[in-house]
Every structure is written in C-alpha cells, then in structure tokens.
Amino acid sequence: MNHLEEVKALRARKDVHFNCAQSLLCPFASEVGLTEEKAQALGAFVGSGILHGSTCGALSSTLMILGMKGYDKEEAARQIQAFRQRHQAVNCAELLDIAREKGMEKKPRCDALGYEMCGILDQLLAKA
C-alpha cells in the first residue's frame, strides 16, 4: 500500500478516529524513525488546528515530517506560502469557513487536504 492509500484507509476507519495530522504522520512514521503508535500519539492534539482552529493539522504534520527528514526553514516557509496561495488560508477555522461558503462539508474538505499534502510529501521525499 502506498502513502496515499494508507492516508485514505486511515481517514475511512470507523473503529478509531485518525485526525488529519495522524493520518499523515502514521503512513510516513517508519521513514522518519517513529513507530506508528508514536506517530499517532504525536499527532493526537494537532488535528482541528491544534484543537482550536489554528494551523491546519495536515499542514502541521507535513512540516513535522519535513523537519524530521532534515529539510530547512526555507522549505517549510515555501510549503506554508504555497498552501496559503492554494487555499487562501492556513488556519483550520478559516479553511473550514471557506469550504462552507463553497458548500463543502468538513470531512471531505479535511480528507482532500490530507491527500494533497501526502502527494506533496511523496514528491519532495522522492527527490531527496
């Protein structure tokens, strides 16, 4: 199973909730020196914008993974800027407001952001 398939499988689970951050951290866990259990714990309070509508959990976990892979602040800044350009915001609450205005529900919107960031991670890590 590739990373994207893993992210999709985690987001689809009904027995256990994997938030947006966990659903990215867990598939990339072994590549950054974490067990899946540690990745799940690391992301536990990062979803929903660190539980209070702040920075998107999919973006936050992407930055964590890049940091653990040795990427620098410049790459992190590029990812934040690119995310903001694509979505007009980086904060979960704002992203969800924008989605609501477009008629999108929360889960499909959050799923899509996770899938997008997974693809970006795959591209970046393949180049390394």
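The values are calculated or read from the model by the stated rules, or taken from the named source; none is laboratory data. The shown structure was predicted, so the numbers you read here are calculated from the model rather than taken from an experiment. All Cβ positions, even for glycine, are placed from backbone atoms using ideal geometry, and neighbour counts span all protein chains on display. Note: areas computed on protein heavy atoms with side chains; ligands, DNA, RNA excluded. Shrake-Rupley method; radii C 1.70, N 1.55, O 1.52, S 1.80 Å.
See the values below:
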quantity	calculated
Accessible solvent surface per residue of the chain, calculated while the other protein chains remain in place, 1.4 angstrom probe, Å²	54 Å²
Max mean-square fluctuation residue, GNM over the chain, Cα-Cα springs under 10 Å, options S30, S61, S48	S30
Long-range amide H partners of N91 with built H, under 5 Å	C56
Long-range lysine pairs (8 or more apart or interchain), the chain, Cα under 16 Å	4
Helical segments meeting 15 Å axial Cα length and Kyte-Doolittle 0.0 threshold in the chain (DSSP H)	57-68
Cβ-based net charge around R100, under 11 Å, with every Lys or Arg adding one and every Asp or Glu removing one	-1
Surface share of carbon and sulfur [accessible, 1.4 angstrom probe, percent] for region 88-128	54 percent
Nearest-0.05 FRET efficiency for Q123 and Q85, computed from C-beta distance (R0 22 Å)	0.85
Equivalent ellipsoid dimensions for the chain as semi-axes, Å, which come from the Cα gyration tensor, largest first	21, 18, 13
Calculated FRET value between K69 and K38, using beta carbons and R₀ = 22 Å, to 0.05	0.90
